[in-house]
Each structure stands twice: as structure tokens, then as C-alpha cells.
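Here's the structure we're looking at; comments come further down.
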Amino acid sequence: MENLFKMKKSVFFFMVFFVVHYGISQETFFVYKVKGEPFMKINDSVKSVGKGSELNEKTTVSINENDVLYFINNQGDIFVLNHPGKFSYSDLQKTPAIKDNTSFSKKFFGYVWKEFTNKTASRNDKVGVVYRGDDNILMRTPNDSIQIYSSEINFEWDSIKGKTKEYYLVLRDLDTDKITKIGTHSTSISLFVDDFILREGGNYQWCITETKYPNYKKIVFYNFKLLNQSEFESLDDEIKNISEVLKEIGLSEIEIRETICQDFKICY
């Protein structure tokens with residue numbers, strides 16, 4: 001009986017070790033930013049490295065002189081490779097994280113990591129796809145599920161080759177359920193946040209359709225929220241801390257705003 005107990009105990013610890021070890025060894029990194037032209041080898045194929053590139057146990061990264069590569073993990077840590085060489089997956093695992101990574105930046109990069117893990121499904125659903133469900137087409141900006149602090153919102157969408165009739169911007173106020181439709185031959189339109197159609201603090205959905213009277217049950221809507229001043233100011237600390245981290249990795253003020261809008265979904 002005692003031998004059986006010892007055997008079960010040994011099996012238990014082996015399983016725990018296996019799960020922990022396997023979980024660590026299977027950690028996936030994603031490239032966040034590159035300078036220069038680093039590349040990676042996956043089995044026998046060679047690919048350029050760019051934002052969102054996945055780095056796993058099958059990859060070897062090559063860094064040339066003057067190349068810099070920043071990559072992140074699921075904990076929100078950010079790492080840097082800035083000297084020439086070839087780096088295996090085990091080398092990436094041994095690379096120390098940037099030490100001054102704050103709780104705000106860890107939250108930010110952790111969020112970005114999750115976005116990268118879902119990018120394939122997300123792109124299949126929305127990016128580069130023309131919707132024909134009720135003559136709906138893909139919207140470009142504002143992106144889905146973002147928060148905006150601005151006095152003017154610019155809506156942009158893809159054009160349809162050979163189209164001569166109007167497009168229709170369908171805007172739904174989620175707080176009042178009011179629907180506004182605007183026809184235009186252009187592929188963009190700007191609306192002011194002036195309490196007429198759009199107001200600070202409001203929650204909205206929008207889409208573009210080819211028909212004046214679409215079937216709303218088949219429409220793919222994008223969501224966005226307009227922040228008021230107090231809501232935006234409550235995010236000030238997070239934005240400042242994230243901005244400092246992005247500045248440290250070489251982004252300009254314009255790039256920082258674009259990055260926070262794209263990756264953290266706060267546009268201002």
C-alpha cells in the first residue's frame with residue numbers, strides 16, 4: 001500500500017512538472033516593433049519580421065548591424081534584441097525583460113499580446129473582406145470597439161469598383177436607438193461632435209451599405225464610444241505611462257498617438 005502511495009505521488013509530481021515545463025516551453029512571443037530589416041527562419045523558409053510576427057520554438061531570428069527588434073509575451077513584458085546575431089527560441093526565452101516596464105505598460109502590452117493571438121480570426125472576419133450580406137462593405141475608420149476623444153469624427157470606407165450610386169452611412173445611437181442615414185458618392189464623411197448627431201459621452205454603431213433601406217439584422221456594425229472630458233482625463237495616467245514606454249522604444253509623438261489608437265483603442 002505504501003509503495004502504491006509513493007508511486008501515485010511520483011506520478012503526480014511528474015505530471016505537474018510536465019505541465020509546467022511544457023507550458024513554459026510553449027510560450028509564444030510576438031514582435032511589437034522593428035528597426036532595420038531583421039528576418040526569421042521557420043524550418044526551411046525565410047521571412048521578414050514585422051509587427052505581429054509570431055516567434056515560437058520553430059523560429060530563429062537573425063539581427064543585422066543596426067537592426068533592433070522589440071517583442072512581447074503574454075505577461076505584458078517587453079524585450080529587445082539590438083545586437084547582431086542569430087537567436088533561437090531558447091535564446092529569446094533567456095532574454096531579460098526591459099526592467100523599467102511599469103504596471104501600466106504591462107497592461108498595455110498584455111492587451112496587445114491578446115490582440116495578436118486573435119489576429120487571424122479577426123482578419124478573416126473584418127480586414128480586407130467585402131461584405132455582401134445586404135450589400136454591406138468593409139468599414140475602415142473608426143475601427144471597431146474604440147473610444148474617441150475628439151471634436152470631429154472622420155468615417156472612411158472601401159470603395160466598390162465601378163460603383164456610381166450612393167453609399168449610405170448608417171449611424172445608430174445606442175443610448176436613444178435613433179438611426180441616422182446619410183447618402184454620399186464619396187468614401188468618407190466627417191461629422192462634428194456638436195450635440196446634433198454626435199455628442200460627448202455617447203455610444204454608437206456605424207456601417208456602410210449600398211442600399212437606402214438595408215436589412216438591419218444582416219448588417220455588420222462597428223462600435224465606438226465618444227469620451228467626454230472627465231472620462232478622457234481619467235485615462236490620462238495610463239496614456240502618459242504608455243507614451244513614455246513607447247517613446248523609450250523610439251516612437252515619435254505622432255506614432256505614439258497612432259499606436260495608442262490602434263493597439264489600446266483610445267484615439268485622441
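So here's what we get for this one:
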item: Residue among 256, 242, 260, 208 that alone is aliphatic (A, V, I, L, M) and either exposed (fewer than 15 other Cβ atoms within 10 Å of the Cβ) or farther than 22 Å from residue 115 by Cα (or both); result: 208
item: Residue count for the range 163-182, restricted to those that are outside any loop (DSSP other than H, G, I, E, B) and touching a residue at least 40 places away in the same chain (Cβ under 8 Å); result: 4
item: The range 65-96, subset among the hydrophobic types (A, V, I, L, M, F, W, C) and within 22 Å of residue 237 (Cβ to Cβ), residue modelled with the lowest pLDDT; result: 78
item: Tally, over the range 149-166, of residues that are in contact with a Ser or Thr (Cβ under 6 Å, 6 or more places away or on another chain), surrounded by 14 or more Cβ atoms within 10 Å (Cβ to Cβ) and not acidic (Asp, Glu); result: 1
item: Which listed residue, of 112, 31, 11, is at pLDDT 95 or above and among the aliphatic types (A, V, I, L, M); result: 31
item: Residues satisfying the stated conditions in the range 237-256, i.e. free of Cβ contacts under 8 Å to residues at least 60 places away in the same chain and either of a type in the set (Val, Ile, Thr) or closer than 14 Å to residue 143 by Cβ (or both); result: 239, 254, 256
item: Verdict on residue 266 being closer than 15 Å to residue 153 by Cα and either touching an Asp or Glu at 6+ places or on another chain (Cβ under 8 Å) or among the β-branched types (Val, Ile, Thr) (or both); result: yes
item: Positions within the range 38-64 being among the acidic types (Asp, Glu), in a loop (DSSP other than H, G, I, E, B) and either at pLDDT 95 or above or in contact with a strand residue (DSSP E or B) (Cβ under 7 Å, 6 or more places away or on another chain) (or both), in sequence order; result: none
item: Matching residues in the range 40-88 - criterion: being among the basic types (Lys, Arg) and under 27 Å from residue 262 (Cβ atoms); result: 47, 51
item: Matching residues, the range 102-119, being crowded, with 18+ Cβ neighbours inside 10 Å and acidic (Asp, Glu); result: none
item: Wholly within the range 183-268, helices (runs of 4 or more DSSP H) carrying at least 1 residues that are among the basic types (Lys, Arg), closer than 22 Å to residue 108 by Cα and outside the structural domain of residue 166 (by TED's automatic domain parsing); result: 236-248, 253-263
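The values are calculated or read from the model by the stated rules, or taken from the named source; none is laboratory data. Treat the numbers as computed from the prediction; the structure is a model and nothing was measured. For neighbour counting, all protein chains shown are included, and Cβ atoms are generated from backbone atoms with ideal geometry for every residue, glycine included.
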